[in-house]
Amino acid sequence: MQHRSVKYKSWLRSLFYGGCTLGAVLLAGCKKEPVAAAANVGVQTIPLQDTLRKIITENILLTNNHPWYIEGWVYVSNEATLHIEPGTVIKIITPLTAYGKESGGGLVITRGAKIVAEGLQQLPVLFRLNDTTCNTGWKGIILLGKAPQTGAGKVLENISSLTGSTGLAYGGQEPEDSSGVMRHVRMEGMELLLRGTGSRTVIADITIQPTGNKPYHLKKVSLP
């Protein structure tokens, strides 16, 4: 009887430790594999109004289900990202000056902010003028980055008259800085200006047609 009791206790002990081992194996088998942290894209807000004005300070998304409008010069600042879906149409509205003439307009991506306008070959992002008869004032997109500027000047004295703003800084000591992505984009009646944009900025497959001139295509822009 005593011998049977010892055997029974031994069997319980084996069952207990064996069960723990099996449980540990099952738990280990159910444990999730480590997953790399997702890129921090932040929260994107779709604007309630279809017209963008003045300054953008948060991440926003422009969808392709209706046209969007940019009134005058709009500045993306505060390290925000302007994300634009493929096939989106954005029209530039140029307001009148005090002298009754139409001024310029467009987008300024300030240092630290980004634009992600990544269209498709058959579905490009389209920037165009709301009034195609307007031929006064400079219209376009300006990207300002943190990369060393090879040209003279660290402030936009040379184009401050275009935007009406002074003291917009660009350049720095970050050659691999990124001002975002512009790929498969068409710009009609507009131009593209890059200042201090770093090597991680992607500018590819851009068709630009300045007012009164023939269009030209930028296959890929090599940045410092």
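The values are calculated or read from the model by the stated rules, or taken from the named source; none is laboratory data. Just so it is clear, the structure is predicted and the values come from calculations on it, not from any experiment. Note: ideal-geometry Cβ built from the backbone for every residue, glycine included; neighbour counts use all protein chains shown. Accessible surface is based on the protein model in full, side chains and every heavy atom, while ligands, DNA and RNA are left aside. Shrake-Rupley method; radii C 1.70, N 1.55, O 1.52, S 1.80 Å.
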Among the residues of the stretch 80-106, write down those that are under 17 Å from Met182 (Cα atoms) and modelled with pLDDT under 95.
Gly106
Report whether or not Trp68 is in contact with a strand residue (DSSP E or B) (Cβ under 7 Å, 6 or more places away or on another chain) and modelled with pLDDT of 95 or more.
yes
Tell me, please, whether a residue that is within 22 Å of the chain's Cα centre (by Cα), modelled with pLDDT of 90 or more and open to solvent by 50 Å² or more (accessible area, probe 1.4 Å) can be found in the stretch 192-202.
yes
Note down all Cβ pairs under 6 Å where the first residue falls in the stretch 122-145 and is open to solvent by 10 Å² or more (accessible area, probe 1.4 Å) and of a type outside the set (D, E, K, R), the second is at pLDDT 95 or above and not in a strand (DSSP E or B), and they're at least six residues apart or on different chains.
Leu123/Pro86; Leu123/Gly87
